[in-house]
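K.L.:
Here it is, the structure in full.
The values are calculated or read from the model by the stated rules, or taken from the named source; none is laboratory data. Quantities reported herein were computed from a predicted structural model and do not represent experimental measurements. Neighbour counts are summed over all protein chains in view; Cβ atoms, including those assigned to glycine, are modelled from backbone coordinates with ideal geometry. For the accessible areas, the whole protein counts, side chains as well, though only heavy atoms, and no ligand, DNA or RNA atoms are used. Shrake-Rupley method; radii C 1.70, N 1.55, O 1.52, S 1.80 Å.
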Amino acid sequence: KATMKSLRFLSAEAFVSNAEFARKNLGSVAHNLFPLLFKASYLLEQREVIHDLVENWPLVDLNVGKLLGTTVDYQEDLSHRTCSVCLKSCLTGLRDYVLNHPSPCAKRLKVVDLTGIKDVEVQFCQCKKTMGRWARTELLSKLCLELLVRLQQAQCKPHTSEISIDVLIDLFVTERNYELVVQALLQKCYCPLKICCVAFRADNLALQKFFYIIKLTEPSLLRKLEVVHNVRLEMEHLEILFNSIHFPLLMSLTLPARTFNVQRLTAANELMLSTIGEKMGEMTQLTELSLAFSILTGRIQKLLSPLKTPLKMLDVSNCSLNHADMAYLANSFHSNHLEVLDLSGHNIPELYPSTFFKLLSHSSPVLRSLILEDCNIQDTHVNMLIVGLSPCQKLQEFKFLGNPLSSQALKHLFTFLCGLPVLKNVEFPVPMDCYPIGITYPIDDASLCRFDHQKYENIAEELNLILLQANREDVKASTPLFGSYDAAVQETNDELGAYLIKSFKETLEKFTASLSKLS
């Protein structure tokens, strides 16, 4: 549905729609109208106008997320439009702001904030080309280095070097852009645009490189750290990281798969686990923790009990938790504050049903997102699940892919879900009756797509009809077979794919070499 625009916004659109006219007359525009013109230009994808607005920005700060978010004049939130044309114009405008003005006295801009930009799956901009977090990292680094070259060649006005603008950004570094970002961070003190890393994501990066670059990001200011997929960070490396670097403001920590493996714990490793727990306890702002695909059987308490701040987000999917772990979670002070909880990959109904429901009961007043994928939830458990979910009146998202549920059980569950007032997103499994008889769960990747697609479409239609009849068109129900959309993975999947092929080739070569030796 169309969002109402104020007369001011309609006037701003009319002004910027003629790019040539707008650019000629920017000098006579009142300073307090620049934010309004920025959003109007962004909506209409007027690249030249965006560039010139930023190049002549008259205010102390330029917060892109706020400027594009809900405003009085136009309530539609455009901060999820990571339009490549618009963002490139914005960043090159920032470079030219530094280069082209006659007097540093006229320059007021001190802070540019790029952290409020949201990467989403569907883009509504006309160009349909996105500039994701990785590409924003690359472009900003290039522009900083370009500025330094221009400064050295004296191609810019005197006093340019006196300008100092903090650019707040969420950096995303892989092997492919590593050298570029390192150079930009090393030269930061000489560059008028100062890269200020608020969040850092590392993927497909050698451990040595990760340790080097993380020190350059000013970890004392870091609020979010994601070390994912192809960074081979294990427990001993994590202990070194936490012993050598302090993260006093860190609020969110994501660690790669297999960081912890308690199956091979020695007495020394037990001590290491305790040290890591204590170090995390020193991070007094830490409220989000993702430990997916580590083996943590019986050790959750050791890791989480030193934390002084209750967790709001916890991902312990596929962590082989036992009854003691679940009992600790249910009775810990974290349970009353959990807004996002992922317990995927645990056989909840068989191993610890009552303890899980105790945890759910404690978190129900605040729980916004619950993920229970591959948890062996069957038809016989649906009534119990409904009882457990009933108090979760703030639930916005419920994902339960990979559970052996029939179409009948799903209809029963959907009828209940209609009553959760703020629910927005449901990810449900392909009904069991769409698969060949005798299919075993969890379903392997090879068999995942071997179901009756027509039958699935008919059932999905019936489930959506249940939502429709309850006036819940606001709820999106889907079955993403290979998991939810991940903007960061999507943006770098070519590089990650090439890395996986290379790893597979190296493994095959080693295997062949071993066979040759045997023969």
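K.L.:
Might you report the magnitude of the Cβ-based charge dipole of the chain about its Cα centre, with Lys and Arg at +1 and Asp and Glu at -1, to the nearest 20 debye? Mind showing how you got there, number by number?
P.N.:
Details: 52 positive and 56 negative charges, 267 e Å.
Charge dipole of the chain: 1280 debye, to the nearest 20.
K.L.:
Taking all protein chains together and a probe of 1.4 Å, list D61, D494, D203, D73 from the most accessible to the least accessible. All intermediate terms of the calculation are to be shown ahead of the outcome.
P.N.:
Numbers: D61 80, D494 130, D203 0, D73 25 Å².
So the residues, ranked largest to smallest area, are D494, D61, D73, D203.
K.L.:
Could you let me know the centre-to-centre spacing of the range 159-217 and the range 355-398, using Cα atoms, in angstrom?
P.N.:
Spelled out, the Cα-based centre of one part sits 41 Å from the other.
K.L.:
One-quarter of the Cα convex hull surface for the range 222-310, in nm²? It would help to have the intermediate numbers written out before the result.
P.N.:
Details: hull surface 20.8 nm².
If you wrap the Cα atoms of the range 222-310 in a convex hull and average its projections, you get 5.2 nm².
K.L.:
For the chain, what is the calculated [θ] at 222 nm in deg cm²/dmol (nearest 500), taking -39500 (n - 2.57) for each run of four or more DSSP H residues and dividing by its residue count?
P.N.:
That comes out to -13000 deg cm²/dmol.
K.L.:
Quote to one decimal, in nm, the extra length available between R258 and Q285 on full extension: 0.36 nm per residue of separation minus the C-alpha distance between them.
P.N.:
Extra length from R258 to Q285 when fully extended: 7.2 nm.
K.L.:
Suppose the Debye formula is applied to equal point scatterers at every Cα of the chain; what is log10 I(q)/I(0) at q = 0.09 Å⁻¹?
P.N.:
-0.79
K.L.:
Hey, if you put +1 on the Cβ of every Lys and Arg and -1 on every Asp and Glu Cβ in the chain, which of L225, C189, C86 ends up farthest toward the positive end of that dipole?
P.N.:
Ranked along the dipole, the leading option is C189.
K.L.:
Mind giving me the FRET efficiency for T479 and E278? R0 is 35 Å, r the Cβ-Cβ distance, nearest 0.05 is fine. Write out the running numbers ahead of the final one.
P.N.:
On the way: r = 42 Å, r/R0 = 1.21.
The calculated FRET efficiency here is 0.25.
K.L.:
What's the angle, to the nearest 10 degrees (0 to 90), between helix 133-152's Cα axis and the longest principal axis of the chain?
P.N.:
Once rounded, the angle reads 30 degrees.
K.L.:
In the neighborhood of E218, defined by Cβ-to-Cβ distances under 12 Å, what is the net charge if each Lys or Arg adds +1 and each Asp or Glu adds -1? Could you put the intermediate results ahead of the total?
P.N.:
Working: positive: K188, K194, K215, R223; negative: D166.
Computed value for this residue: +3.
K.L.:
Give the residue list of GluC sites (Glu not before Pro) in the range 191-240 that are DSSP loop and have at most 14 other beta-carbon atoms within 10 angstrom.
P.N.:
Working: sites: E226, E234, E236, E239; in loops: E234.
Here no loop site has a sparse enough neighbourhood.
K.L.:
Can you tell me the orientation of helix 453-469 relative to the chain, as the angle in degrees between its alpha-carbon axis and the longest Cα principal axis, to the nearest 10?
P.N.:
It works out to around 70 degrees.
K.L.:
Determine the gain in length on full extension of the stretch H246-Q378; use 0.36 nm per residue of separation and subtract their C-alpha separation, reporting nm with one decimal. Mind showing how you got there, number by number?
P.N.:
Numbers: separation 132, 0.36 × 132 = 47.52 nm, distance 4.52 nm.
Once the chain is fully extended between H246 and Q378, it gains 43.0 nm.
K.L.:
Sequence gap at least 6, Cα distance under 8 Å: using those rules, report the relative contact order of the range 109-250 to the nearest whole percent. Numbers along the way, then the final one.
P.N.:
Working: 192 pairs, mean separation 31.5, N = 142.
Value for the range 109-250: 22 percent.
K.L.:
Ok, one more. Leaving out ligands, DNA and RNA, and with a 1.4 Å probe, what % of the accessible surface on the chain is carbon or sulfur? Walk me through the numbers before you get to the answer.
P.N.:
Details: 13420 of 24330 Å².
Whole-percent figure for carbon plus sulfur exposure: 55.
K.L.:
Take the Cβ-Cβ distance between T309 and E20 as r, set R0 to 41 Å, and report the resulting FRET efficiency rounded to the nearest 0.05.
P.N.:
Working: r = 54 Å, r/R0 = 1.32.
In this case the efficiency is close to 0.15.
K.L.:
According to a simple spin-label model (label point 7 Å from Cα along Cα-to-Cβ), what is the distance in nm between D452 and E146?
P.N.:
Spacing of the two 7 Å Cα→Cβ label points: 5.8 nm.
K.L.:
Past the 25 Å Cα-Cα mark, which pairs from K39/K188; K118/K209; K358/K399; K128/K399; K194/K308? Write out the running numbers ahead of the final one.
P.N.:
Numbers: K39/K188 30 Å; K118/K209 27 Å; K358/K399 19 Å; K128/K399 28 Å; K194/K308 33 Å.
The pairs that break the limit, which is 25 Å between Cα atoms, are K39/K188; K118/K209; K128/K399; K194/K308.
K.L.:
Using a 1.4 Å probe, how large is the accessible area of L255, given in Å² and rounded to the nearest 10?
P.N.:
10 Å²
K.L.:
Now, a different point. Please report the relative contact order for the range 7-131, taking Cα pairs under 8 Å with a sequence separation of at least 6, and give it as a percent rounded to a whole number.
P.N.:
Numbers: 177 pairs, mean separation 36.4, N = 125.
The value is 29 percent.
K.L.:
By how many nm would the segment from N336 to E461 lengthen if fully extended, with 0.36 nm per residue of separation less the alpha-carbon distance?
P.N.:
Numbers: separation 125, 0.36 × 125 = 45.00 nm, distance 3.67 nm.
In short, 41.3 nm is gained.
K.L.:
Please work out the average accessible area per residue across the chain, using the 1.4 Å probe convention, and give it in Å². Write down the numbers at each step before the final one.
P.N.:
Working: 24330 Å² over 519 residues.
Spelled out: the 1.4 Å probe surface of the chain, per residue, equals 47 Å².
K.L.:
Which Rg and Dmax, in Å, describe the Cα atoms of the range 7-131?
P.N.:
Cα-based Rg and Dmax for the range 7-131 come out at 13.7, 43 Å.
K.L.:
Something else now. Order the following by accessible area, largest value first: I195, I295. Probe radius 1.4 Å; ligands, DNA and RNA are ignored. Mind dumping the intermediate values first?
P.N.:
Numbers: I195 5, I295 45 Å².
Listed by decreasing accessible area, they come as I295, I195.
K.L.:
Give the angle, between 0 and 90 degrees and rounded to the nearest 10, that separates the Cα long axis of helix 34-43 from the longest principal axis of the Cα atoms of the chain.
P.N.:
It is inclined by approximately 60 degrees.
K.L.:
At most 10 other Cβ atoms within 10 Å and a DSSP loop assignment: could you name the chymotrypsin sites (Phe, Trp or Tyr not before Pro) in the range 322-362 that fit? Can you show the working numbers first?
P.N.:
Details: sites: Y328, F333, F356, F357; in loops: none.
Nothing satisfies the criteria.
K.L.:
Need one value: the accessible area of D452 in square angstrom, 1.4 angstrom probe, rounded to the nearest 10.
P.N.:
Ignoring ligands and nucleic acids, D452 comes out at about 80 Å².
K.L.:
Estimate the FRET efficiency between K302 and S406 by the formula 1/(1 + (r/R0)^6), using the beta-carbon distance for r and 41 Å for R0, to the nearest 0.05. Write out the running numbers ahead of the final one.
P.N.:
Details: r = 40 Å, r/R0 = 0.98.
Between K302 and S406 the formula returns 0.55.
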